[in-house]
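A.B. asks: Sharing a structure with you now.
The values are calculated or read from the model by the stated rules, or taken from the named source; none is laboratory data. Nothing here was measured: the structure is a model prediction, and the numbers come from that model. Remember, those area values only see protein heavy atoms, side chains included, never the ligands or the DNA or RNA. Shrake-Rupley method; radii C 1.70, N 1.55, O 1.52, S 1.80 Å.
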Amino acid sequence: KAGIALATHGAIKSEQEVIRNLIDHQPALYVLDEIGIQLQKIRNAQKKGSAHHLEGVIGILMSAYSKADGYMPVSGDIMRGLREDYKRELSQLEKLDQEKWVEERIAVIQAALSDPEPGLKNPYLSIIGFTTPVTFDDIMDLENATNGFIGRSLLFNERDTAPRSKVTHGFVKPDMPMEIDL
């Protein structure tokens, strides 16, 4: 209802996918059920070298977190592809009637093409994850606690993992505030 569904993702498959998601939408919003299992897979890939596509995920997530108000460097291949995509889109937009949204998009693309900084401007990455205490506790070791990823996190430990339903106590879901309702 708030218009962010296309920027919301339910899994992290690879380092390259995180970059592609940030290119497609400036924010990449991850909602991960069983994040503990995802983090176990990433840790195992880093230790055993068994899943190369997962090895750099934590690094790219930390890089995106720290570049929210600057530029996140990406590979030359990605930048070349991005510039080609911008040029192709610009060519298509210039053929359309000059409505306000067309003019605004053309201005954004022209600014991106003339920007001397290589990388993604102001990427925004957010992760909210849910897991059981047992799964989370199992992945916590000195390395994970000190590598910066967990240090950039807010942790909430709900000991009652099966609370009573709100529905049975007269809970009424409020309407979405007008400010964010599209």
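A.B. asks: With a cut-off of 8 Å between alpha carbons and a minimum separation of six or more residues, what is the relative contact order of the range 68-124 in percent? Numbers along the way, then the final one.
C.D. replies: Values: 39 pairs, mean separation 41.7, N = 57.
About 73 percent, as a whole number.
A.B. asks: Among DSSP beta bridges lying fully in the chain, give the percent that are antiparallel, nearest 5. Numbers along the way, then the final one.
C.D. replies: Working: 2 of 11 bridges.
Taking every DSSP beta bridge within the chain, about 20 percent pair in antiparallel fashion.
A.B. asks: Among rounded, prolate and oblate, which fits the range 43-154 when a ≥ b ≥ c are the square roots of the eigenvalues of its C-alpha gyration tensor, a/c under 1.5 means rounded, and a/b larger than b/c means prolate?
C.D. replies: On the way: a/c = 2.94, a/b = 2.43, b/c = 1.21.
Here the range 43-154 falls in the prolate category.
A.B. asks: Ignoring ligands, DNA and RNA, what percent of the 1.4 Å accessible area of the chain is carbon and sulfur?
C.D. replies: Values: 6880 of 12530 Å².
Answer for the chain: carbon and sulfur cover 55 percent of the accessible area.
A.B. asks: If you don't mind, another one. Rolling a 1.4 Å sphere over the protein heavy atoms, what is the accessible area per residue of the chain, to the nearest Å²? It would help to have the intermediate numbers written out before the result.
C.D. replies: On the way: 12530 Å² over 182 residues.
Averaged over the residues of the chain, the accessible area is 69 Å².
A.B. asks: Sticking with this structure for a sec: Given axes a ≥ b ≥ c from the Cα gyration tensor, I'd like to know whether the range 61-125 is rounded (a/c under 1.5), prolate (a/b larger than b/c) or oblate.
C.D. replies: Working: a/c = 2.92, a/b = 1.87, b/c = 1.56.
Judged from the Cα gyration tensor, the range 61-125 comes out prolate (a/c at least 1.5, a/b above b/c).
A.B. asks: Ordering Arg159, Arg80 from largest to smallest accessible area (1.4 angstrom probe), what's the sequence?
C.D. replies: Highest to lowest solvent-accessible surface, that is Arg159, Arg80.
A.B. asks: Further, regarding this structure: Give me the accessible area of Asp85, 1.4 Å probe, in Å² rounded to the nearest 10.
C.D. replies: Here the accessible area works out near 80 Å².
A.B. asks: Please give every one of the lysines within straight-line cross-link reach of Lys13, meaning a C-alpha to C-alpha distance under 17 Å, and leave out same-chain neighbours fewer than 8 residues apart.
C.D. replies: Hits, sequence-local ones excluded: Lys41.
A.B. asks: For a quick check of understanding: with a 1.4 angstrom probe and all protein chains in place, what accessible area in square angstrom does His25 have, to the nearest ten?
C.D. replies: The value for His25 is about 60 Å².
A.B. asks: How high is the relative contact order of the chain, in percent, counting Cα pairs under 8 Å that sit 6 or more residues apart?
C.D. replies: Numbers: 178 pairs, mean separation 57.1, N = 182.
Computed over the chain, the figure is 31 percent.
A.B. asks: Under 28 Å between C-alpha atoms is the cut-off here; go through the range 77-182 and count lysine pairs that meet it, provided they're at least eight residues apart or on different chains.
C.D. replies: Values: Lys87/Lys95; Lys87/Lys100; Lys87/Lys121; Lys95/Lys121; Lys100/Lys121.
Eligible lysine pairs with Cα atoms under 28 Å apart amount to 5.
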